[in-house]
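The values are calculated or read from the model by the stated rules, or taken from the named source; none is laboratory data. Here the structure is a predicted model, which is why all the values come from computation and not from measurement. Cβ atoms come from the backbone with ideal geometry, glycine included; neighbour counts cover every protein chain shown. We work out accessible area using only protein heavy atoms, side chains counted, and drop any ligands, DNA or RNA first. Shrake-Rupley method; radii C 1.70, N 1.55, O 1.52, S 1.80 Å.
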Amino acid sequence: MIEIRTDADAKPARLDGGHHPAQTIAIADGITEAVRLLNYATDPGKHGLRYPSEVYSVLGALASALGMLPQALTQMSQFIGHGVTDRRIAENPHYGSHGGDAHAAHAEMHDAITTAVGRLGTALASLQTAHAALSGLEAAEPPRRSTSLD
């Protein structure tokens with residue numbers, strides 16, 4: 001279980017509410033840290049995997065996570081879009097890349113997210129194929145050493 005807090009006194013993040021911006025950022029940072037930990041754990045020299053079933057489980061969990069990511073990306077684009085439409089979000093013309101045109105900034109973001117979601121769908125299908133390919137693998141018994149009595 002991964003627990004996400006913004007500081008030592010904060011309540012942990014929960015699905016059923018109590019969300020606030022610092023917690024949302026902490027959740028995204030936690031995903032980054034979890035992937036970093038996974039990269040170390042799956043390094044063959046670190047011995048974080050012993051059996052094909054463990055790789056199968058990790059691939060299944062990653063496929064599940066990847067399948068949920070498009071929802072968060074789409075919801076963030078919707079948040080920005082609604083904020084721009086309601087004029088709660090604007091682009092600073094001095095350092096924004098669209099000369100103060102928040103609609104253009106959102107359109108570029110939305111197009112990029114749409115592309116990413118499509119590519120995530122392709123990546124998800126590939127992970128599901130990799131996951132299914134491992135379903136019959138198991139650890140093999142080490143070969144017996146032959147002796148002169150055999």
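Stokes-Einstein diffusion coefficient for the chain at 25 °C in a medium of 0.890 mPa s, Rh from the Kirkwood formula over Cα pairs: what value in µm²/s?
126 µm²/s
Of the residues Thr32, Ala22, Ala112, the one whose Cα sits farthest towards the positive end of the charge dipole of segment 21-150 is Thr32 (charges of +1 on Lys and Arg Cβ, -1 on Asp and Glu Cβ, taken about the Cα centre).
Net charge dipole, the chain: roughly 240 debye, given to the nearest 20, about the Cα centre with Cβ charges of +1 for Lys and Arg and -1 for Asp and Glu.
Highest-first packing order for the peptide set 100-107, 74-81 is 100-107, 74-81, based on the mean count of other beta carbon atoms within 10 Å.
Computed in the context of the full set of protein chains, the accessible area of segment 30-150 at 1.4 Å probe radius has 59% of its extent on carbon or sulfur.
Taken per residue, the accessible surface of segment 1-149 reaches 78 Å², heavy atoms only and a 1.4 Å probe.
Using just the helices of the chain, give the 222 nm mean residue ellipticity in deg cm²/dmol: DSSP H runs with n ≥ 4 each add -39,500 (n - 2.57), and the total is spread over all residues, rounded to 500. Numbers along the way, then the final one.
Details: 3 runs with 87 residues, N = 150.
For the chain, the value works out to -21000 deg cm²/dmol.
Could you size up the charge dipole of segment 42-127 around its Cα centre, putting +1 on the beta carbon of Lys and Arg and -1 on that of Asp and Glu, and report it in debye to the nearest 20?
Value, rounded to 20: 280 debye.
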